[in-house]
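Here's the structure we're looking at; comments come further down.
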Amino acid sequence: MHEEQLDRYPVHCPYCDTPFELLVDRSEGSQETWEDCPRCCAPIQLRIEVSVDGELESVTLGRDDDVL
């Protein structure tokens, strides 16, 4: 993990709409992963897109049964 490549990204839970911040590590490149909501503990799908030059392009959230 490279601290200079960590971004705080504000999001809302797709289940309970609770706002929270994701800590995104751009050094990992584009990825799909899961994060649990800090309030309702529901599983959230994440699609993180990182450009070739290492810039955060987008973060997409979905429920566990969504197709991202």
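Points worth noting:
- Residues being touching a Leu at 6+ places or on another chain (Cβ under 9 Å), modelled with pLDDT of 95 or more and not β-branched (Val, Ile, Thr) - total across the range 36-68: 6
- Taking the range 36-68 as the range and being in a loop (DSSP other than H, G, I, E, B) and either in contact with a Lys or Arg (Cβ under 8 Å, 6 or more places away or on another chain) or under 15 Å from residue 26 (Cα atoms) (or both) as the test, the residues that pass are 42, 51, 52, 53, 54, 55, 68.
- Yes/no for residue 47 being more than 9 Å from the chain's Cα centre (by Cα), open to solvent by less than 90 Å² (accessible area, probe 1.4 Å) and at negative phi: no
- Scanning the range 1-17 for residues that are modelled with pLDDT of 95 or more and surrounded by 14 or more Cβ atoms within 10 Å (Cβ to Cβ) turns up 11, 13, 14, 15.
The values are calculated or read from the model by the stated rules, or taken from the named source; none is laboratory data. Treat the numbers as computed from the prediction; the structure is a model and nothing was measured. Note that each Cβ is placed from the backbone with ideal geometry, even for glycine, and that neighbours are counted across all protein chains shown. Side chains included, ligands, DNA and RNA excluded: accessible areas come from the protein's heavy atoms. Shrake-Rupley method; radii C 1.70, N 1.55, O 1.52, S 1.80 Å.
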